[in-house]
Amino acid sequence: MVLVGIWQLLGLVGRDAVFSLGAFRWVDLMIWASAGSCVLALGLLGWLTVQTLDHGMQPGIGLALIGCAVLAGGVALLVAVLRGLLVKAVGWKGEATALRAELDEVI
């Protein structure tokens, strides 16, 4: 899902519309997909831990699932920060347009 979101955002960049409100849908999709992957990896780790209490789980599986959870959580946090920057960019663009309209009225 993250790759679909990136693909759609690249399409918006090609149309010079990346600072539109439509970009937020794809950014939000990327955040939720990454957060869901993190929760899924941690849930799978918990389930496997409970299922293998008798004979123990291979340590590589646990480390791989923890690594996947950390990676997916990091991507979700990074995209959330970039979403904040997109909010600022869209807000500044609207503010700049309003200031330009006021300046045109003065001139």
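Listed values, structure above:
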read-out	value
Size of electric dipole in the chain: Cβ of Lys, Arg +1 and of Asp, Glu -1, about Cα centre, debye, nearest 20	160
Carbon plus sulfur fraction of accessible area for the chain, probe 1.4 Å, in percent	73
For the chain, accessible area per residue (1.4 Å probe, heavy atoms of protein chains only), Å²	72
Over the chain: Kirkwood hydrodynamic radius from C-alpha pairwise inverse distances, Å	16.5
Of 80, 69, 89, the one that fluctuates the most in a GNM where the chain has Cα springs shorter than 10 Å	89
Chain lengthening between residue 24 and residue 12 when straightened (0.36 nm per residue, less Cα-Cα)	3.2 nm
Residue of 28, 16, 54 that the Gaussian network model of the chain assigns the largest fluctuation, springs spanning Cα pairs under 10 Å	54
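The values are calculated or read from the model by the stated rules, or taken from the named source; none is laboratory data. All of these numbers come straight from a predicted model, not from anything done at the bench. Note that we place each Cβ from the backbone using ideal geometry, even for glycine, and neighbour counts take in every protein chain shown. The accessibility values were calculated without ligands, DNA or RNA, using every heavy atom of the protein model including side chains. Shrake-Rupley method; radii C 1.70, N 1.55, O 1.52, S 1.80 Å.
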